[in-house]
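Contents: one structure, followed by commentary.
Read the figures in this text as sums done on the coordinates, not as results from a lab. Computed from a predicted structure; not experimentally measured. In this analysis, Cβ positions are derived from the backbone assuming ideal geometry, glycine residues included, and neighbour counts consider all displayed protein chains.
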Amino acid sequence: MTAASKQLAIHAEGVEVDFGNGVGIFDQTYSVPEGTILGMIGPSGCGKTTTCRVALGLLTPQRGTITTLGRTPNRFTAGDRERIGYIPQQFVLYPRLSVAENISFVASLYGMSTRQIKVRMDELLAFVDLTEARDRLGQNLSGGMQRRLMLVGALMHDPALLFADEPTAGIDPVLRQRFWEYFRRLRDEGRTLVVTTQIVSEAIYCDYVAVMRQGRILAVDTPMGLRRRVLGGEIIDLTLEDPENIGRALATLRRWHDVVKSVRVAPNSEADLHVVVEDAREYLPEVLNRLENQRPRIVVASAAPLDVSYDDIFIRLMEEAQAPQEADHG
Amino acid sequence: MAELSDKPVVASRETMMTPEWQRWLIRVRAYFWKEVNEIRRQPLLILSLIVGPLLVLILFGSTYVNSNPRVRTAVVLPEEGIPGLEEEQLRQVIGLNFDLRLITRNEAEAEALLAAGAIDLIQVLPDNIFQTMRGGVSPEIAFTANVINPLVEGWVQYLAYAQVNEINRALLVVTTARAQEEAAGIRVRVVDFEGKILEFEQGISEARKEAAEQDLKTFIDFLDELNRILPPQEVLAQHSDELAQLRPILTRVRISLRDVRRALLDETLTEGLLELTNTRNDLQLLSGTLEIFVNIAPDRLVSPVKLSYRNLRGSAYSAVVYYSPGVLALLVQHTAITLGALALVRERLMGAFEVFRVAPVSLHQLIIGKYLGYIVFIGLATLALIIAMLVIGVPLLGNWLQFAGLTLLLIIASLGVGFLISTLSGSDSQAIQLAMISLLLSIFFSGFFISVESFAPVALPVVYAIPMSHGLAGFQYLMLRGLPPSLGSWLGLSLISIITFGLVVIITRRQLLRA
């Protein structure tokens with residue numbers, strides 16, 4: 001992970017918690033710099049929650065070492081815990097308490113006085129747009145409001161490090177986007193966030209993404225870094241006017257290997273080429289020039305950087321991870 | 001959706017400068033207010049907890065008539081009835097203890113009703129009751145019951161015993177009255193025969209001899225009859241020393257007169273003048289004793305001992321007052337156990353334990369906060385119920401402070417049991433189920449309806465493990481007798497409180513670590 005100049009909020013090396021039958025987390029090594037968002041992405045049961053629980057001190061690793069905010073989690077003092085916020089996957093909401101009472105309860109667990117709670121609650125309810133609902137009972141809140149309420153509860157004591165376990169699960173895309181706005185805003189104010197999600201496209205909102213599968217971290221990188229790691233660079237999608245030129249175009253671009261990392265015919269196409277370069281937007285004009293300067297000219301009908309979705313990147317990463325296993329079993 | 005506020009969401013550092021001891025209290029207070037707020041949002045629960053038991057108590061007090069079971073009874077009379085005992089008298093005697101539904105001479109009819117469950121008991125009265133008695137055999141009243149309740153069966157046997165005693169007494173009164181009637185007639189003859197003995201002393205002519213012998217024989221027959229009809233010696237002896245001598249005198253006179261008769265036949269009467277004088281004296285004595293006997297009221301003769309009863313407190317309390325301490329103890333315990341039983345399991349299942357572990361809050365703050373929340377709520381509910389009880393006339397004769405202390409201890413002990421149930425339960429419904437079992441145990445084993453002394457020693461650990469057993473005994477002493485609760489009540493509740501608190505802390509700690 002880059003950002004070496006920053007302090008690390010979490011640093012894990014070779015962490016393992018084995019629940020038996022292949023369930024658990026294994027050989028996890030990762031770091032989370034302060035003031036960043038680490039997104040943990042992976043399918044259900046891949047160990048995202050367990051990874052968070054180890055970092056929170058709820059589980060003790062059987063192997064490896066981990067420090068959270070500079071201390072081994074199972075030796076946290078009350079002071080350490082006051083610097084951490086947590087939004088669990090399961091709703092912890094008292095249906096017969098109002099929004100304000102639910103928040104007061106959680107804030108009081110962190111030792112906040114009534115006056116402190118009042119001031120802070122007003123700020124945060126405004127932040128998540130729940131001011132109007134402060135006297136509404138928990139049982140009368142919509143799913144989205146309940147999620148926002150939990151976010152407020154976790155932020156009341158102003159934690160330096162916030163763990164959010166699947167906070168966007170089951171909510172509509174608009175509110176999901178809103179949540180990521182909240183998270184980025186908190187990040188911008190200096191907090192560190194660890195956010196787990198099954199929604200791969202949310203990777204784009206994170207500073208770093210850890211892709212997880214079967215308890216292992218397959219890759220930790222920036223979203224762009226992951227893309228490059230999987231694709232080998234960025235892709236320019238070219239459509240030739242004359243499919244007859246496809247052979248000459250391939251040969252031309254392959255000769256330019258200081259810029260073009262690879263080039264191939266797009267799947268299910270006769271006139272489309274996928275050209276992998278370091279930076280698609282930067283090299284697109286040069287690629288076009290290089291083809292049109294050929295004699296006879298190779299006319300490009302259209303060209304644009306190819307926007308490969310993170311779903312595709314995630315699937316490729318999964319397939320790459322699975323391939324050696326299948327080879328072992330085969 | 002509105003735009004994000006521009007205000008920073010970073011709290012000022014000033015907000016985190018609260019002293020540690022204050023933060024400790026704030027955390028306890030967090031649980032306290034959460035419990036209080038959750039309960040106060042359930043007005044129906046509050047209403048049912050306070051008003052419900054009070055209404056039940058008032059309904060019970062206003063409708064409770066008698067603690068004895070009403071045993072529906074049929075009496076089968078012999079064909080000729082019972083001489084000297086009218087049907088109405090019988091109805092009164094049996095109706096004292098039994099709900100007399102039928103008097104019949106048809107035993108089969110009564111048995112059919114018994115088999116059909118229309119009545120609970122048949123009493124078959126014997127025929128020729130006096131003849132049987134005269135024959136030296138005890139006549140038997142046959143009781144046949146068809147009851148399924150063991151307590152009712154015990155009552156039937158006891159009431160049957162009491163009734164037979166009552167009938168025996170009634171028969172004794174009748175026979176004694178008859179004996180007195182006949183004895184009065186015989187006494188006239190005794191006085192008359194004194195003159196005849198005097199005549200014997202002066203000498204009897206040959207012509208009078210046969211008539212005298214006949215008189216003597218007749219008189220002896222009368223005395224034999226008197227001997228037969230007199231009440232048993234125990235009945236006579238229990239009344240007075242004079243009457244205790246009636247039978248011995250009578251026996252002596254009968255023997256003497258037989259000797260006189262023999263002497264008359266043997267013509268040796270003049271040789272036994274001293275005997276005759278003694279016999280005459282005995283007859284005088286017999287006459288005097290018979291006078292005493294015939295002039296005593298038969299009731300006094302049969303039941304010389306009278307009952308005298310005084311209650312130091314004037315009279316016992318009404319049922320509603322008597323059961324009030326029990327209802328209060330039951331309410332306090334059941335409310336505490338039910339609320340406590342749900343308190344921890346609900347939060348454990350909803351995942352709150354995970355949040356508590358992440359937060360800088362200790363197990364003791366969690367437990368103490370919950371105890372305090374429920375103590376305040378149940379304390380207020382109890383106060384409301386006590387005020388309502390005082391309004392309907394239930395006294396509180398003892399010390400108020402001791403009463404408050406005992407109530408507090410009962411709440412803590414019951415909450416401990418409730419929390420323990422909560423730690424052991426895997427779901428809400430299981431917790432409720434266990435709370436209901438504890439209620440059932442309390443009703444049977446706390447001394448609420450069945451005295452604690454009714455149980456075998458093996459059940460005593462169960463009795464003493466129920467907070468209500470100690471609370472009930474203490475409340476009865478304080479409220480109804482004006483006495484302080486026994487040391488056992490204080491110790492029992494204290495021990496339950498300490499043990500359950502310890503267990504709750506140990507088990508909850510494990511559960512928190514697993515959260």
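Once the Cβ-Cβ distance between B:S315 and B:A237 is put in as r, and R0 is 51 Å, what FRET efficiency do you end up with, to the nearest 0.05? Working from the Cβ atoms, E equals 0.85. For A:S262, the residues whose modelled amide H falls within less than 5 Å of its own, excluding neighbours fewer than 5 places apart on the same chain, are A:V276. Its alpha carbons give the protein assembly as shown an Rg and a Dmax of 51.0, 193 Å.
Short-range pairs are left out: with C-alpha atoms under 8 Å and at least six residues apart, the relative contact order of segment A:8-228 is 31 percent. For segment B:72-173, give the magnitude of the charge dipole about the Cα centre (Cβ charges: +1 Lys/Arg, -1 Asp/Glu; no others), in debye to the nearest 20. Once rounded to the nearest 20, the dipole reads 240 debye. Of B:P484, A:S44, B:V156, which is farthest along the charge dipole of the protein assembly as shown in the positive direction, counting Lys and Arg as +1 and Asp and Glu as -1 at C-beta? Comparing the listed Cα positions along the dipole, A:S44 ranks first. For chain B, report the % of Cα-Cα distances exceeding 32 Å. Everything past 32 Å amounts to 66 percent. One quarter of the surface of the convex hull around the alpha-carbon atoms of segment B:183-302 equals 6.8 nm², the direction-averaged projected area. Think of each Lys and Arg Cβ as +1 and each Asp and Glu Cβ as -1; about the Cα centre, that makes the dipole of the protein assembly as shown roughly 3500 debye. Count of lysine pairs in chain B with Cα atoms under 29 Å apart, counting only pairs 8 or more residues apart in sequence or on different chains? Taking chain B as the scope, the lysine pair count is 4. Summing Cβ point charges (Lys, Arg +1; Asp, Glu -1) relative to the Cα centre of segment A:207-330 gives a dipole of roughly 380 debye. Going through the DSSP H helices of chain B, which span 27 Å or more along their own axis at the Cα atoms while scoring at least 1.0 as a mean Kyte-Doolittle hydropathy? The answer, listed by residue number, is B:43-63, B:319-350, B:363-391, B:400-424, B:487-514.
Extension gain, B:Q511 to B:I141: 0.36 nm times the residue separation minus the Cα-Cα distance gives 126.4 nm. Amide hydrogen proximity for B:R105: with H placed 1.01 Å from N in the peptide plane, the residues at 5 or more positions away or on another chain lying under 5 Å are B:L77. Dividing the mean sequence gap of close Cα pairs (under 8 Å, 6+ apart) by how many residues chain B holds gives a relative contact order of 16 percent. Computed on the Cα atoms alone, the convex hull of segment A:233-305 gives a volume of 73 cubic angstrom per residue.
Distance distribution note for chain A: the fraction of Cα pairs above 35 angstrom is 36%.
Each residue in B:L236, B:L493 was given a count of other beta-carbon atoms within 10 angstrom of its own, and listing them fewest first yields B:L236, B:L493. Taking each residue as 0.36 nm, the span from B:I368 to B:I255 lengthens on full extension beyond its C-alpha to C-alpha distance by 31.3 nm. Shielding value for A:72-84 is 2, the average number of Cβ atoms from other chains within 10 Å of each residue's Cβ.
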